[in-house]
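Written out below as structure tokens is the structure these notes cover.
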Amino acid sequence: MSGRESGKAQAGRPRTGARVAAVQALFQSEQAGENPESVIAEFVRHRLGPNAADEGFGEGRIPDADAKLFARIVRTTAAKIESLDETIGRALAKDWPLEKLDPVLRALLRAAAGELATPNDPPARVVINEYLDIANGFFVGDEPRFANGVLDALARSLRADEFTAAPRA
């Protein structure tokens, strides 16, 4: 994977840890051509939760990750990958197709789109903030800013009702 060590920033944040793991699992599934269910099983066995030999984040471990949320994100995303890719593609510039993106960034956008495609849980703004934190953990260049624009467009497309509600009094 590229960029900075992302796991250390996620200590004590199980939902964020689940999202980091989901991005990693989607990346691995695509790059290795592995079945998402096999990748989920591998992550649950070897990367998520505490390990007596290594309680830290070494070797890609995410000890605080919420395993149920992780599996749900990966399964939802994998099940809807074609429609999610179309939705992401519409949020990208015409001359910048999804296949041209860094594979980690592609996995991040897919995971976020998978969550956003599940109505109202959690709110779209939470999803955007979580995946922006993750983007900042993986990348040091322009990718987080790029991700911010795409995530906003995805949220407005997949959860338009959350952005058109009347303002509170």
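The values are calculated or read from the model by the stated rules, or taken from the named source; none is laboratory data. Worth saying up front: this structure is predicted, and the values here are computed from it rather than measured. Note that each Cβ is placed from the backbone with ideal geometry, even for glycine, and that neighbours are counted across all protein chains shown. Just so you know, the surface numbers come from the protein's heavy atoms only, side chains and all, with ligands and any DNA or RNA stripped out. Shrake-Rupley method; radii C 1.70, N 1.55, O 1.52, S 1.80 Å.
Do the conditions hold for Gly114, that is, is it open to solvent by less than 20 Å² (accessible area, probe 1.4 Å) and either of a type in the set (Ser, Thr, Tyr) or assigned to a helix (DSSP H, G or I) (or both)? Criteria met by Gly114. In region 14-32, the residues that are surrounded by fewer than 24 Cβ atoms within 10 Å (Cβ to Cβ) reach residues that are acidic (Asp, Glu) with C-beta atoms within less than 9 angstrom, at least six apart or across chains, in these pairs: Pro14/Asp64; Pro14/Asp66; Arg15/Asp66; Arg15/Glu130; Gln28/Glu34; Gln28/Glu42. The conditions of being of a type outside the set (Lys, Arg), modelled with pLDDT under 95 and under 27 Å from Arg45 (Cβ atoms) are not met by Asp161. Within region 142-154, if we keep just the residues that are hydrophobic (A, V, I, L, M, F, W, C) and closer than 21 Å to Gly17 by Cα, the residue that is surrounded by the most Cβ atoms within 10 Å (Cβ to Cβ) turns out to be Leu151. Which numbered condition trips up Glu59, out of (1) in a helix (DSSP H, G or I); (2) at pLDDT below 90; (3) surrounded by 14 or more Cβ atoms within 10 Å (Cβ to Cβ); (4) not basic (Lys, Arg)? Among (1) in a helix (DSSP H, G or I); (2) at pLDDT below 90; (3) surrounded by 14 or more Cβ atoms within 10 Å (Cβ to Cβ); (4) not basic (Lys, Arg), Glu59 violates only (3).
For every residue, the table says whether it meets (1) without any contact (Cβ under 8 Å) to a residue 40 or more places away in the chain; (2) open to solvent by 70 Å² or more (accessible area, probe 1.4 Å); (3) within 25 Å of Gly17 (Cβ to Cβ).
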{"position": "Lys80", "(1), (2), (3)": "yes, yes, yes"}
{"position": "Ile88", "(1), (2), (3)": "no, no, yes"}
{"position": "Glu99", "(1), (2), (3)": "yes, yes, no"}
{"position": "Leu105", "(1), (2), (3)": "no, no, yes"}
{"position": "Leu109", "(1), (2), (3)": "no, no, yes"}
{"position": "Val140", "(1), (2), (3)": "no, yes, yes"}
{"position": "Leu158", "(1), (2), (3)": "no, no, yes"}
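Report yes if Glu42 is open to solvent by 20 Å² or more (accessible area, probe 1.4 Å), part of a helix (DSSP H, G or I), modelled with pLDDT under 95 and out of contact with any Lys or Arg (no Cβ under 8 Å at 6 or more places or on another chain), otherwise no. For Glu42, the condition - open to solvent by 20 Å² or more (accessible area, probe 1.4 Å), part of a helix (DSSP H, G or I), modelled with pLDDT under 95 and out of contact with any Lys or Arg (no Cβ under 8 Å at 6 or more places or on another chain) - is met. Residues in region 117-138 that are open to solvent by less than 40 Å² (accessible area, probe 1.4 Å) and closer than 13 Å to Thr16 by Cα: Pro122, Val127, Ile128, Glu130, Tyr131, Leu132, Ile134, Ala135, Gly137.
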